Each structure stands twice: as C-alpha cells, then as structure tokens.
Amino acid sequence: MENNADKRRSTRFDCAVPVDGKEGAIFTSTKTVDISRDGIGFISNHQVPLNEKVAIELVLKPDTDPVLVIGQVKWVRKIGQTEQYRIGLIFEDVIDGAQSDIDATLNTRFLHREMAA
C-alpha cells in the first residue's frame, strides 16, 4: 500500500480550524486538519465525491482579504469505526489573491513556529 506522505509535494502544517460552510452543504460540520502550499486536509461528517471541485476562501490573516482558491478532492477515507471521513484536497487554481500570499502565511505562521519548538 502506498504512503500518502510519499506523494506530497509540500510540507503540511497542523491547522485545526472549523470550516464555515452553508447550512446543509457538503462541508457543514467540517474542520481543517492540515494545510500546505498545495492543498488542505479536512475531517468531515460527510463523504465527499472524488474529484469534486470546491471553491474555498482562505482567511490567512485577520483584517485582510481572503485568498479564493479552487480545490479538487483527491482522496477520501473513512476514519475507523466513526462516521467521519478524512479528505485530501489540492489547490488547482488561485482565483483571487496570490499563491505568494499562501506561501508567506505558511512561512510566517507555521514554519517559524516549528523552528522555535
């Protein structure tokens, strides 16, 4: 069996944040688990179809405009004996904002924190 870590292009950083979604939508009751410059991981109470395209607003810093990305669900796994799913999504396109905004935030918020630990 392949190890997903072998497929990752970028370092992932822990990022447990609730997801704000429309009531009753597929990402209701979802939270992020990790983030990288290329994608984001979620835990959800809903199974999400593979290859589903999702528009995501990333609020990277307080009092700044969010970065809007289009993501694609690359993998979905049921979590043990729970009713939850682990979902891996890659960023396909940055629609509003810039990839450099994502990179800068990851470097300042996560990378420096890990180096100090």
inquiry  = What are the pairs with Cβ atoms under 9 angstrom where one residue, in segment 47-75, is more than 15 Å from residue 99 (Cβ to Cβ) and the other, located anywhere, is of a type in the set (S, T, N, Q) and in a loop (DSSP other than H, G, I, E, B)? Sequence gap at least six, or different chains.
reply    = 72/51; 73/51; 74/51
remark   = The correct count of residues that are among the hydrophobic types (A, V, I, L, M, F, W, C) and modelled with pLDDT under 85 in segment 22-58 is 3
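Would you call residue 102 closer than 16 Å to residue 9 by Cβ and at pLDDT below 90?
Yes; evaluated as a whole, the condition is true for this residue.
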note = Out of (1) assigned to a helix (DSSP H, G or I); (2) among the small types (Gly, Ala, Ser); (3) touching a helix residue (DSSP H, G or I) at 6+ places or on another chain (Cβ under 8 Å), the one residue 88 does not meet is (1)
remark   = Checked segment 62-103 for anything out of contact with any Lys or Arg (no Cβ under 6 Å at 6 or more places or on another chain), exposed (fewer than 14 other Cβ atoms within 10 Å of the Cβ) and of a type outside the set (A, V, I, L, M, F, W, C); matches are 62, 63, 64, 65, 78, 80, 81, 82, 83, 93, 96, 100
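Can you tell me which residue within segment 50-61, out of those that are outside any strand (DSSP E or B) and hydrophobic (A, V, I, L, M, F, W, C), is surrounded by the fewest Cβ atoms within 10 Å (Cβ to Cβ)? Break it down into steps so the answer makes sense when it comes.
Narrowing segment 50-61 to residues outside any strand (DSSP E or B): 50-52, 59-61.
From what's left, hydrophobic (A, V, I, L, M, F, W, C): 50, 59-60.
Details: 50: 11, 59: 13, 60: 18.
Per the stated criteria, the residue is 50.
Select from segment 91-106 the residues that are assigned to a strand (DSSP E or B) and of a type outside the set (Phe, Trp, Tyr) and write down the one among them that is nearest to the chain's Cα centre (by Cα).
Residues of segment 91-106 assigned to a strand (DSSP E or B): 91-96.
Among the residues that remain, those that are also of a type outside the set (Phe, Trp, Tyr) are: 92-96.
Numbers: 92: 12, 93: 14, 94: 14, 95: 16, 96: 17 Å.
Residue satisfying both the conditions and the ranking: 92.
The values are calculated or read from the model by the stated rules, or taken from the named source; none is laboratory data. Every value quoted in this text rests on a predicted model; they were computed, and no experiment measured them. Note that each Cβ is placed from the backbone with ideal geometry, even for glycine, and that neighbours are counted across all protein chains shown.
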